[in-house]
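Every number here is computed from the coordinates shown, using simple stated rules; none is lab data. Owing to the predicted nature of the structure, the values given are computational and were not obtained by experimental measurement. Cβ atoms come from the backbone with ideal geometry, glycine included; neighbour counts cover every protein chain shown.
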Amino acid sequence: MVMSLPRYQTTHQPCARRDAPHRPWPGTVDDQTLRLCEELNEGGYSAEIVREQVIVSPWTSRRNDKIIDRLTDLLYQLKREMGWALYQSSGIHIPPFRDMRLPDLIVAPLDAEDYDEMHIYGHSTLLVVEVCSGGTASVDYREKPTEYARAGVPLYLIVDPTAEPPKVTLMSEPVEDPAPFDEREPYLKTVTVHSGGSLELPEPFGLRIDVAALFA
């Protein structure tokens, strides 16, 4: 389901560097649209804002829920030791427009910088996770890496139970300010590990993940 947002008079602004984060424009996402997204999310849907349209998808499957549950179990001790937060219903602001993605999991410090009441800034996160389903795999692999790199997300993890064999892909070191249709690879490093191998989450995690355990 796609719903167009009202248009605003804005002046194009390039994505801010991560040492000077992008700020909301005076005419950014209006309260009515925020309430609509919030109500849809509370009602069991995933409402994202992509290219100034509200994109509504069914809520995640039980299989994907279980994968996120296993991953949060692996991260929980580190979360407590480091004073981090694990979010499953917060959005990532995608500059330079009024866009928002709703990842399956966000790991961020407790003092992560808010963009508004529903979004946080990507550069304030530590890790963003998407779990693929049959209908989202192409978006997770093709669209979201550029968007998350543009937002400043330092680590983007794709967990793919639809692949044969199941696999995970970790992207790190985002390029500076990729344009919406930038042809460069959005992350300088990409590592893919299939079920049966282990994935090393770099610092500040310093954690080795048994990939098969995510799909057990």
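Structure notes:
- Once the Cβ-Cβ distance of residue 79 and residue 117 is raised to the sixth power relative to R0 = 25 Å, the FRET efficiency obtained is 0.60.
- The residues neighbouring residue 189, those whose beta-carbon lies less than 13 Å from its own, together hold a net charge of -3 under the Lys/Arg +1, Asp/Glu -1 convention.
- Cβ-derived FRET efficiency at R0 25 Å, residue 184 paired with residue 63, nearest 0.05: 0.15
- Per-residue HN-Hα couplings for segment 118-135 [Karplus 6.51, -1.76, 1.60; θ = phi - 60°; Hz; x = Gly/Pro]: 10, 10, 10, 6, x, 5, 8, 8, 10, 7, 10, 10, 10, 9, 6, 10, x, x
- Subtracting the Cα-Cα distance of residue 142 and residue 164 from 0.36 nm times their residue separation leaves 6.0 nm of extension gain.
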